[in-house]
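Each remark here refers to the structure printed beneath this line.
The values are calculated or read from the model by the stated rules, or taken from the named source; none is laboratory data. It should be emphasised that the depicted structure is a prediction, and the values quoted were computed from it without experimental measurement. Methodologically, a virtual Cβ is constructed for each residue, glycine included, from the backbone with ideal geometry; neighbour enumeration extends over all protein chains shown.
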Amino acid sequence: MIQRIQTVYFILVMLLLSALLSGVEIFGFTTAKNYFSYSVYGVQQFKSAAHPPLTKSEIIEGSVLFYFVIAFVLFNYYAMMNYKNLKKQFRLARLALIIYLVGLLFVLIVGSLGLLVPNASSINLGWGYYLSVVGLPFSYFAFKGVKKDKEILESLDRLR
């Protein structure tokens, strides 16, 4: 199992998504009096008067993104562990790629348009943004690796 390259890619996707669970900021929104930080745990508000040291406030809005990331990491693990059934692994890898792409687009559109904080004067990208974007090519490479293994197996079946 570990000798197959798609396993490495699945592990990289799971590690990058699991890093989001540490609470890294995906987006930061600056308003006139406050700074809002969006992570997988939701939107947190920080009080700031012309950017002195920020004091942490409570979580304003909980996030479904937390549960989505956990479920998606487990889904990638399930797809990786179906290496004995290549047809099923191919379908799961394709589904994982589509779900990752749709989820990433949703988070980017919501964050980029400032829908979480309507009166934001500027939007800052955090490390979580880059971690989530970097994981998409690895998900694609895992899908391509499964597809290549499936094609090799089908060509061997034709020779028999």
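Of note:
- Evaluating S122 against the criteria (1) surrounded by 12 or more Cβ atoms within 10 Å (Cβ to Cβ); (2) small (G, A, S); (3) over 20 Å from Y78 (Cβ atoms) leaves one unmet condition, (1).
- The residue of segment 124-142 that is nearest to the chain's Cα centre (by Cα), among those that are more than 19 Å from V110 (Cβ to Cβ) and hydrophobic (A, V, I, L, M, F, W, C), is V134.
- Beta carbons closer than 7 Å, at least 6 apart along the sequence or on distinct chains, never pair a first residue in segment 129-150 that is closer than 13 Å to M14 by Cα with a second that is among the polar types (S, T, N, Q) and not in a helix (DSSP H, G or I).
- Among the residues listed as L108, L116, the single one being part of a loop (DSSP other than H, G, I, E, B) and surrounded by 14 or more Cβ atoms within 10 Å (Cβ to Cβ): L116
- Some residue of segment 102-112 being more than 17 Å from L74 (Cα to Cα), over 19 Å from the mean Cα position of the chain (by Cα) and in contact (Cβ under 8 Å) with a residue 60 or more places away in the chain: no
- Condition check for L116: at pLDDT 90 or above and within 22 Å of G28 (Cα to Cα): no
- F75 vs. criteria modelled with pLDDT of 95 or more, in contact with a Leu (Cβ under 9 Å, 6 or more places away or on another chain) and assigned to a helix (DSSP H, G or I): yes
- Yes/no for Y129 being exposed (fewer than 13 other Cβ atoms within 10 Å of the Cβ), closer than 30 Å to I5 by Cα, of a type in the set (F, W, Y) and at pLDDT below 95: no
- Any chance G62 is among the small types (G, A, S), at pLDDT below 85 and under 21 Å from G103 (Cα atoms): yes
- Counted residues, segment 1-37 - those being assigned to a loop (DSSP other than H, G, I, E, B), in contact with a Phe, Trp or Tyr (Cβ under 6 Å, 6 or more places away or on another chain) and surrounded by 15 or more Cβ atoms within 10 Å (Cβ to Cβ): 2
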